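Working notes, beginning with the structure itself.
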């Protein structure tokens, strides 16, 4: 009996039910790139601005603009590159994104004014935003459904690790980097970008996307090579040339699109706003000389929360997890607002619990979107909900220092409480349960 005939007589399994293998771990590791770089970029700009601001005499408006610049780029990158990935393929965008990230991260070293830095960081955000849409889509389309939640949620752990690493690098360069230390902080973003770019060469195309384009033989070859000899793919995926953003708002998908965008926005808006300007917030909370120590401990709670969230993803339903974390976060942040400023120990404890919960809940933002849409429209679907989230995060990140300077920190935090309450309401009304379903079923 030939090898081909022998394989055909063995029991086959769907790609969604495939055993976890080394390739699944490799594609997960390669997808980490956008998340680590995004977290690192946000963490490093928060420290760089404390030096760049006084040197360039930046107003609170310019501080907000620079803090939110990458997020503005993320909005457009997620929106448009996700659609291109549905049309031209996941793999091409997956590699191109980090060529852009690497080049423009390096150019940050040479900036002489805030406007140039603003433009460069928007371009970096464009590429990272496209990678959010394409990377999570590509990973979801390869991952077995039993491990899909954990693999995708682990992306948030790397985002948090990137943020924490940036904090330590930033504080080190702040102390030893000299007069141009903020330049070294910004250009350090080039290092993870180049590493990710090199490692991504050779990444295969998504077989689900190939099926949707009628390229069946190519899809079968990729499944056989990377998933297993006995793995089979659902070949009934709709063959379609292109989809429009308007298709996401038809009668079958509009609730999922609205939920995806609003849930994502309500999660990341307070996250990005608070942690982009964490040193400034801690100073206003009267931690004084303890600001660096408290900042460091809260960063560790961010990392612990992200790791704990991996366990929670499989332990709880998607719907229950999203609803209850929004409620808990709103209550904790409201407590921070009403606590007297002299109760610094209690403020620290509540802030630590808030940080842990926020980081755990953020894991869902990298799991839920890809589970909401069918294959033929998944790239643009993930792109649109990511874009909605990032424009909201950009608005929040721009607004927080402006509101804090004009109306005070408590008013700024109350705005974040309102956003978290909105997230709870939207989730109660529209959150679907997608955790146990095949990717070919979740979007229908």
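Below are the figures for this structure:
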{"item": "Alpha carbon centroid spacing (whole Å) that separates the range 128-181 from the range 318-338", "result": "24 Å"}
{"item": "Length gained when the stretch residue 13-residue 345 is fully extended (0.36 nm per residue, less Cα-Cα span)", "result": "114.0 nm"}
{"item": "Sequence ranges 366-378, 398-410, ranked by mean other-Cβ count within 10 angstrom, highest first", "result": "366-378, 398-410"}
{"item": "Cβ crowding within 10 Å averaged over residues, with 307-313, 379-385 ranked highest first", "result": "379-385, 307-313"}
{"item": "Shape metrics for the range 372-434, restricted to C-alpha atoms - Rg then Dmax, Å", "result": "15.4, 47"}
{"item": "Mean shadow area of the range 292-444, taken as a quarter of the surface of its Cα convex hull (nm²)", "result": "9.9 nm²"}
{"item": "Additional length obtainable on full extension of the chain from residue 286 to residue 405, 0.36 nm per residue less Cα span", "result": "41.3 nm"}
{"item": "Inter-part distance where the range 67-120 and the range 34-55 are each reduced to a Cα centre, Å", "result": "16 Å"}
{"item": "Pairwise FRET efficiency - residue 232 versus residue 112, Cβ, R0 = 51 Å, nearest 0.05", "result": "0.35"}
{"item": "Part-to-part distance (alpha-carbon centres) for the range 339-378 and the range 246-317, which is given in Å", "result": "4 Å"}
{"item": "Highest-fluctuation residue, 21, 181, 267 considered, GNM on the chain with Cα pairs under 10 Å", "result": "21"}
{"item": "For peptides 162-174, 217-229, sequence by mean Cβ density within 10 Å, most packed first", "result": "162-174, 217-229"}
{"item": "Once the Cα gyration tensor of the chain is diagonalised, semi-axes √(5λ) in Å", "result": "38, 24, 19"}
{"item": "Estimated 222 nm signal from helices in the chain, with DSSP H stretches of n ≥ 4 weighted -39500 (n - 2.57), rounded to 500", "result": "-26000 deg cm²/dmol"}
{"item": "Listed residues 215, 256, 183, most fluctuating in the chain (Gaussian network, C-alpha, under 10 Å)", "result": "215"}
{"item": "Extension gain from residue 316 to residue 22, taking 0.36 nm per residue of separation minus the Cα-Cα distance", "result": "103.2 nm"}
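No value in this document is a laboratory result; all are computed from the given coordinates. Predicted model only: the values in this text are computed from it and were never measured. Neighbour counts are summed over all protein chains in view; Cβ atoms, including those assigned to glycine, are modelled from backbone coordinates with ideal geometry.
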